[in-house]
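For reference, the structure discussed in these notes is given below.
The values are calculated or read from the model by the stated rules, or taken from the named source; none is laboratory data. Since this is a predicted model, take the numbers as computed values, not measurements. Ideal geometry is used to build each Cβ from the backbone, glycine not excepted, and the neighbour counts take in all protein chains shown.
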Amino acid sequence: MEKIGVYQLAGDINRTDPMLVACCQNYLGRLGRALDAELRPVEEDVFREQGLPVFFLASGGIAGTFRDVCRCVEGPYILLTTSGWNSLPASMEILAYLHEQGMQGEIDFAQEHGIRTYFVPYPTLKEYYPVSTDEVPLLNGQDCREGSREENYMDRLVVLRLESLKPEYRNARNQLWIATHGPGCEGKGGSFSDTVHLYHPIDKDHMAVSRTELLGIPKEETVEMLKNAYPEFVSGIAKYGQEEEEELCL
């Protein structure tokens with residue numbers, strides 16, 4: 001089994017917190033098993049010799065420390081984060097610092113080149129991973145029209161967040177719905193409630209969700225991709241297809 005050393009960073013306040021220590025050990029253990037490798041924290045001298053720049057951002061309050069030690073190895077840097085102890089905000093602060101230094105973050109690169117990215121809130125729990133139940137890629141914000149999250153959803157095709165589906169139902173087929181009514185169909189500040197009522201064009205199911213659970217209105221190419229992947233969509237969304245979208249906006 002390959003051994004990979006990670007440079008673990010934690011703020012002064014949290015460094016000795018037994019819960020954080022246990023969480024870090026659990027996280028590295030689970031990630032290591034998924035990669036079939038042993039991930040373990042190492043000291044700077046060992047980390048420098050290894051040459052693989054994997055930083056584990058265990059908590060907040062570490063941006064200054066990262067700036068001091070990151071130059072001990074050459075980039076690009078791999079940043080591991082968790083959902084607790086302000087780890088994710090710290091990673092975003094560090095990413096901003098790297099941008100100031102003329103470096104590019106992996107997520108930025110992915111968006112620029114049309115590579116799908118997903119946020120996994122709990123990396124150690126497999127049920128939170130964006131795994132499709134079929135071979136069709138799950139939909140994310142990149143599959144929606146820019147700025148469509150602010151538009152009126154009434155009688156429009158909308159994309160449901162994958163997190164709103166149980167793992168056994170996670171596929172692109174179950175992410176495309178029709179917004180039929182509800183106060184949340186309006187844009188920002190349009191109502192006291194953000195509830196949107198949905199109708200599935202194939203299964204005829206009905207569901208009510210918060211507007212925040214919707215990623216936006218799908219792009220034309222997204223709809224075409226779904227029609228090709230799921231032919232039953234062709235008739236199910238004929239009334240709401242992108243080809244008639246301009247009429248619906250009038």
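General observations
- Here Lys188 clears all of (1) assigned to a loop (DSSP other than H, G, I, E, B); (2) farther than 18 Å from Glu221 by Cα; (3) at pLDDT 80 or above except the condition numbered (3).
- Selection count where residues are assigned to a helix (DSSP H, G or I), within 25 Å of the chain's Cα centre (by Cα) and modelled with pLDDT under 90, scope the range 193-250: 1
- Checked against (1) at pLDDT below 85; (2) closer than 16 Å to Phe55 by Cβ, Gly102 passes all but a single condition, namely (2).
- The residue that is nearest to Asn228 (Cα to Cα), counting only those in the range 165-195 that are polar (S, T, N, Q) and surrounded by fewer than 18 Cβ atoms within 10 Å (Cβ to Cβ), is Thr180.
- Within the range 4-36, considering residues that are surrounded by fewer than 19 Cβ atoms within 10 Å (Cβ to Cβ) and of a type in the set (A, V, I, L, M, F, W, C), the one farthest from Gly75 (Cα to Cα): Met19
- For the range 211-227, a residue qualifies if it is under 16 Å from Arg161 (Cβ atoms) and exposed (fewer than 14 other Cβ atoms within 10 Å of the Cβ), and exactly one does: Thr212.
- Selection within the range 148-167 - in a loop (DSSP other than H, G, I, E, B) and touching a residue at least 40 places away in the same chain (Cβ under 8 Å): Glu151, Tyr153, Asp155, Arg161
- Selection count where residues are modelled with pLDDT of 85 or more and of a type outside the set (Ser, Thr, Tyr), scope the range 107-140: 6
Conditions tested, residue by residue: (1) more than 16 Å from Tyr97 (Cα to Cα); (2) in the same structural domain as Gly102 (by TED's automatic domain parsing); (3) modelled with pLDDT of 85 or more.
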site	(1), (2), (3)
Ile13	yes, yes, no
Leu20	yes, yes, yes
Gly32	yes, yes, yes
Val42	yes, yes, yes
Gly60	no, yes, yes
Thr65	no, yes, yes
Thr82	yes, yes, no
